Amino acid sequence: MSGSDVATTVFLTQLQLVTFLVFAPFLAATIRITKARLQSRRGPGVLQPYRDLAKWWGKLPVESNASGPVARYAPAFMLGAIVTAALLVPGAAARAPLAGWGDLLVVVGLFATARFAIALAALDSGSAFGGMGSSRDVAISALAEPGLVLALAGVAVAAGSTDLGTISAFGIIHGVGLLGPAHLLAAAAFGIVIIAETGHYPVDNPETHLELTMVHEGMLLEASGRSLATLVFASELKLVVLAALFSAAFFPFGAATEMAPGPIALGLVVGLGKMLVIGQGLALIDATIAKARIMAMPDFLGLASLLALTGLGIRVLMP
Amino acid sequence: MSNVMATTMLSVGETLATAVGHPVAVSVAGGGAAGELVANVSPEDLTAATGALLGLGARHLMLVAYDGDSARRAGAAPAPAPTAPAVEEVLAVPDGPIVRFRVELPVGDPAYPSLTPLVPAAQWDEREAHDLYGIVPTGHPDLRPLVIHEPAAPAEPFRSFVAHGDGVYQLPVGPIHAGIIEPGHFRFSAVGESVLYLDARLFYTHRGLERLVEGRTLAEALPIVERACGVCTVTHATVFSQAVEQLTGTEPPPRALAARVLLAEMERLYNHVGDLGNICAGVGFNFGVSRLGWQKERLLRLNEALTGHRYLMGVVAPGGLRLDLDERGLLGLGPLVTEIEHEVRSTVRLLVRSDGFMNRLHGTGVLTREAALRLGALGVAARASGLEMDLRLDRPAGAYRDVYVPQVGASAGDVAARFHVRAQEASGSAAIVARLADSLPFGDASVPLAGDPKPGAVALAGAEGPRGASWLWLMAGVDGRVARVHLRSASFANWPVVASVVPGNLVPDFPLINKSFELCYACTDR
């Protein structure tokens, strides 16, 4: 590794870390605001998620008698996994900040690790809702994972590599020519996976107060103070990382291919813009459909697997 | 006494005599106008007598308990007299009279054979009488505490009924919830996401309102009865007023009677519109929640313009209205309510077209006609399960005799059926309001009471509220005071029904099922 490579890595890592961490609550705020407007409500301000996090961070967690060290340390573990994943996904450039340290399979594995941590924390709290939320969340993720892996496998096969930087660069070179049926099917599958992984309609209602219907919120019910701040922030960051992964793998246009300040700045702006668009899409879906029965999840997420598999089949059989 | 009542009295008397094996004295209560009969029966004969009326198709209305203290307040017993408790089982014969079986119980051993095995709808009435009056319905299948959670013997704490077996887990919910709603504890026994059994424990908002009004004047009692809950105020004030008017022989002026119907329909309308929105909230359908919530708010503002109170409190009173309706509020009421109804109907039409939404409603929380009848379901719940049951049509009181009330019903008994029945009833209520707003009779809004009620006299009044028929039993005391009042709200009748409907459904569908019944906790707990 040459000296300039190290400098690039350090620079991109710092840039991506700061922008993603700062941007995550903002993205959550824009989704909430759009949803509120679509429901004829004024909605909270852009700064509300930051204020919430600051408020929780200033409080010590209240732990139930039944909970042990797992509930205490799992939130940090989850956040660590998501932050690591954030540095393995290309953001501003067609190169992940920590390129070479892990490919897309590592990113998928880190998501699974994060989910494992939060599910364990919820179970450890000893509340019935935590257990219920965990079991539902793990079931949903098990159903969503094939779609996630197959959709990414499609682009990996096309680019001939599982390295996300290579996939991005491949996409930028091919431009519009990339948008064949195989690619679009995989992108659609990945869209469904984003919905399931981030707990949006029709899979989960992120704003519900009905305990019995909760999935993600159920796991957070017993969390408080710093633990809650960590878990909520990790979830907000996860949406940013998934959105970055989506654009890097499927719509990488705008990302910098040369390591110069100008293209990187442009790539950053375009990348964040794409995330906002994805967020608005989620808000639109949230506001216009009803939540589906939990027993309909195999069908819905099976659809993602089917789309991704079809895309992969087209790519393998008709290269 | 009319000839019809005399004939009914004789035929009921004969039926009862055949059932219990000896003559039963039946008398007409309330001057016969209310179509009400009273019979004193012994504790041993109660089951047979009730069974005989069930044979005529009678339905359980309420079981009210009272004791010597009530009698003393009614001036019927001298101060240090032994306090003999009593229960009254009240049943309604369809197209026939209301029959009250008065059962006086021995002082030291206030027990009688339980009616619950015969009349499952009486299960909570008997548990309440057991908790509050120490009256023992022997043979009751479930005499756990209902109202008073901490029993006299701490060795037997309140226990939830749960299912046992491999993979069965318990899910306790409430009484403190994640959202701001009324308190209730629900103990689910579930396997995976399927509910095997649900035990509901309510009465966390038991304020002892019935005891609170005892010994107070009728004027003092009214606001307390009215506030049993915040969203059935017209219904509760109306049943109380009707009972007082029966006892005093007061006939409210036509304007007041018509205004009561208008207010009752406004109450039904804003409740139904809100409930339709709540059903949307049960499946997280934000579109319906916000559209219908907005229309409900508009209705509440119309209420305020009309009466000065968004939830219509302090308007209905014995003798008519405490306050006449605001003329300016009345002026634009008809067209505004019609416009709101159009908005609601167009929203409902859009909701029904959403497959994802209707998919959640169809087949969820099915209440069969047979179960509805057996458990004594009332109101929308009964009508959505194929029972034709609406006090406005069955026993019209006041101006309901002159108002066209459309008959609404469905047979599927699921959440979708209750959704449709609510939507249609909302339209019917809006039509009644619009018509009455333009044709409200002129004149006085109230008359003074014709006199003090006779001590010890009992009156029974019912009204079809947004959640079904609420019945009020009132015993007058000396000096125009209340000896005993019992309010059996529609929510009280329907809660055991909700609990019975849930098994077999998915755990996350419970909020939806619950919202499709949309019951109050406060007027159940009192």
### Query
Given N residues in segment B:316-407, what is Rg(Cα) / (2.2 N^0.38 Å)?
1.51
### Message
For segment B:120-226, take every pair of Cα atoms, bin their distances at 10 Å starting from 0, and report each bin as a whole percent.
### Response
12, 32, 34, 17, 4, 1
### Task
Would you compute, for the Cα atoms of segment A:181-319, the largest minus smallest coordinate along each principal axis and list the three values in descending order, in whole Å?
48, 41, 25
### Query
Charges only on Cβ, +1 for Lys and Arg, -1 for Asp and Glu: so what's the dipole of the protein assembly as shown about the Cα centre, in debye to the nearest 20?
1720 debye
### Message
Of the candidates A:68, A:279, A:130, which one comes out as most mobile in a Gaussian network treatment of chain A with C-alpha springs shorter than 10 Å?
### Response
A:68
### Descending Cα extents along the principal axes, segment B:3-138, whole Å
42, 33, 25
### Message
I'd like the projected area of the protein assembly as shown, averaged over all directions, using the convex hull of its alpha carbons. Report it in nm² with one decimal.
### Response
40.6 nm²
### segment A:34-170: radius of gyration and largest Cα-Cα distance (Dmax), Å
18.7, 53
#### Entry: Phi to ³J(HN,Hα) by Karplus 6.51 cos²θ - 1.76 cosθ + 1.60 over segment B:84-90, Hz, x for Gly, Pro
7, x, 8, 10, 10, 9, 10
#### Entry: DSSP beta bridges in the protein assembly as shown [antiparallel fraction, %, rounded to 5]
85 percent
### Message
I'd like the FRET efficiency for residue B:11 and residue B:102, computed as 1/(1 + (r/R0)^6) with the beta carbon distance as r and R0 of 22 Å, rounded to 0.05.
### Response
0.65
### Message
What's the whole-number percent of alpha carbon pairs in segment A:17-60 lying beyond 18 angstrom?
### Response
36 percent
### Task
Work out from phi, with θ = phi - 60° and the Karplus expression 6.51 cos²θ - 1.76 cosθ + 1.60, the ³J(HN,Hα) of each residue of segment B:423-433, listed in order in whole Hz, and give x for Gly and Pro.
4, 5, 5, 4, 5, x, 5, 4, 5, 5, 4
### Query
With the Cα gyration tensor of segment B:342-393 giving a ≥ b ≥ c as the square roots of its eigenvalues, does the rule (a/c under 1.5 for rounded; else a/b larger than b/c for prolate; else oblate) give rounded, prolate or oblate?
oblate
### Summary
Quarter of the surface of the C-alpha convex hull for segment A:3-317, i.e. direction-averaged projected area in nm², equals 16.1 nm²
### Query
So what are the ³J(HN,Hα) numbers for segment B:462-478, from phi and the Karplus equation (6.51, -1.76, 1.60; θ = phi - 60°), rounded to whole Hz, Gly and Pro as x?
x, 8, 7, x, x, 9, x, 7, 9, 10, 10, 10, 10, 10, 7, x, 6
## Note on the structure
Expected integer from the mean partner chain Cβ neighbour count at 10 Å over A:134-141 is 1
#### Entry: Residues B:260, A:226, sorted so that the one with the fewest Cβ neighbours within 10 Å comes first
A:226, B:260
### Query
Around residue A:36, what is the net charge, scoring Lys/Arg as +1 and Asp/Glu as -1 over all other residues with Cβ under 13 Å from its Cβ?
+3
### Message
Which three numbers, in whole Å and largest first, are the semi-axes of the equivalent ellipsoid of segment A:88-145 derived from its Cα gyration tensor as √(5λ)?
### Response
31, 11, 8
### Values of log10 I(q)/I(0), in the order q = 0.17 Å⁻¹, for segment B:448-526 under a Debye, Cα-only, solvent-free model
-0.74
### Message
Using Cβ counts within 10 Å as a stand-in for footprinting exposure, how do A:73, B:521 rank, fewest first?
### Response
A:73, B:521
### Message
Taking beta carbons within 10 Å but only from partner chains, what does the mean come to for residues B:171-178?
### Response
4
### Message
Report, in listed order, any pair from A:59/A:238; A:238/B:515; A:59/A:274; A:35/A:274; A:59/B:515; A:55/B:515 with a Cα-Cα distance greater than 29 Å.
### Response
A:238/B:515; A:59/A:274; A:59/B:515; A:55/B:515
### Summary
Between residue B:37 and residues 5 or more places away or on another chain, the pairs with built amide H atoms under 5 Å apart involve B:29, B:98, B:99, B:100
#### Entry: Ascending count of other beta-carbon atoms within 10 Å, so fewest first, for B:389, A:219
B:389, A:219
### Message
How large is the translational diffusion coefficient of segment B:209-525 in µm² per second when you combine the Kirkwood radius over alpha carbon pairs with Stokes-Einstein at 20 °C and 1.002 mPa s?
### Response
108 µm²/s
### Task
Scan segment A:190-232 for GluC sites (Glu not before Pro) in coil per DSSP, keeping those whose Cβ has at most 14 other Cβ atoms within 10 Å, and list them by number.
A:207
### Query
Is it possible to state the helix-based mean residue ellipticity at 222 nm for the protein assembly as shown, with each DSSP H run of 4+ residues giving -39500 (n - 2.57), the sum divided by total residues, to the nearest 500 deg cm²/dmol? What is it?
-17500 deg cm²/dmol
### Message
Please compute the average number of Cβ atoms from other chains found within 10 Å of each residue's Cβ in peptide B:273-284.
### Response
3
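Where a number appears in this text, it was derived from the coordinates with a stated rule and is not lab data. Bear in mind that the values here come from a model prediction, so they are computed numbers and not experimental data. Quick reminder, even Gly has a Cβ in these numbers, built from the backbone with ideal geometry, and neighbours come from all protein chains shown.
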